[in-house]
Amino acid sequence: MKHTIAIIATAVSLLGAPSVSGGNVPEKNIVEIAVGAGQFNTLVAAVKAAGLVDTLSGKGPFTVFAPTDDAFAKLPDGTVASLLKPENKDKLVAVLTYHVLAGKVPASAVKTMKAKTVNGQELSLKVSDTGVTVDSANVVKTDIMGSNGVIHVIDSVILPN
């Protein structure tokens, strides 16, 4: 629990508190947050290429494990360029939807478990004294709240089976 609080405090200090309107509801949706953050350019390009902008801008709620540009850079050379080709749209959609859970899952609700992703496969969440992992990726920032869900930042791209 102490580690979760530390992660939340780090996220708030690095990203600032989420913008709020009259009812304490964040004004921006998940896609708008990703576009404005400056560290998710590859993810945003992939979401656009996959035709998922409208979906992830929709009502939700969603929980997105969002890989940073540095996370995408860890993939083998040519992987991102290949996934962004129109003929690989189905593969790209499968990868991106593997990073999304239906529902809003804040850090306080995360526990060691299997969670079903929007693409239908399960990913592994593990909570330990050293932090939280999603499959083999480390969660590096949590609880970036949007009007239609929450973003948790991860340091690697996770891949479905």
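Taking the criterion of being surrounded by 20 or more Cβ atoms within 10 Å (Cβ to Cβ), aliphatic (A, V, I, L, M) and under 21 Å from ASN29 (Cβ atoms), would at least one residue in the stretch 64-78 satisfy it? Looking for residues that are surrounded by 20 or more Cβ atoms within 10 Å (Cβ to Cβ), aliphatic (A, V, I, L, M) and under 21 Å from ASN29 (Cβ atoms), one finds at least one in the stretch 64-78, hence yes. Scanning the stretch 97-128 for residues that are out of contact with any Asp or Glu (no Cβ under 7 Å at 6 or more places or on another chain), within 23 Å of GLY146 (Cβ to Cβ) and in a loop (DSSP other than H, G, I, E, B) returns TYR98, HIS99, GLY103, LYS104, VAL105, VAL110, LYS111, THR117, VAL118, ASN119.
Against the numbered list (1) touching a Ser or Thr at 6+ places or on another chain (Cβ under 9 Å); (2) buried (at least 18 other Cβ atoms within 10 Å of the Cβ); (3) closer than 20 Å to PHE40 by Cβ; (4) modelled with pLDDT under 95, SER136 comes up short only at (2).
Scanning the stretch 68-96 for residues that are in a helix (DSSP H, G or I) and β-branched (Val, Ile, Thr) returns THR79, VAL80, VAL93, VAL95. If the condition is being among the polar types (S, T, N, Q) and over 13 Å from the mean Cα position of the chain (by Cα), then the stretch 122-147 contributes SER124, SER128, THR130, SER136, SER147. Considering only the stretch 86-99, I want to know if a residue exists there that is at pLDDT 95 or above, within 25 Å of GLY131 (Cβ to Cβ) and of a type in the set (A, V, I, L, M). Yes, the stretch 86-99 has at least one match. Among the numbered conditions (1) over 17 Å from LEU52 (Cβ atoms); (2) polar (S, T, N, Q); (3) buried (at least 17 other Cβ atoms within 10 Å of the Cβ), the only one that THR112 does not meet is (3).
Take GLY51 and decide whether it is touching a Gly at 6+ places or on another chain (Cβ under 9 Å) and not in a helix (DSSP H, G or I).
Judged against the criteria, GLY51 is not a match.
The values are calculated or read from the model by the stated rules, or taken from the named source; none is laboratory data. The structure presented is a predicted model; accordingly, all values stated were derived computationally and were not measured. Ideal geometry is used to build each Cβ from the backbone, glycine not excepted, and the neighbour counts take in all protein chains shown.
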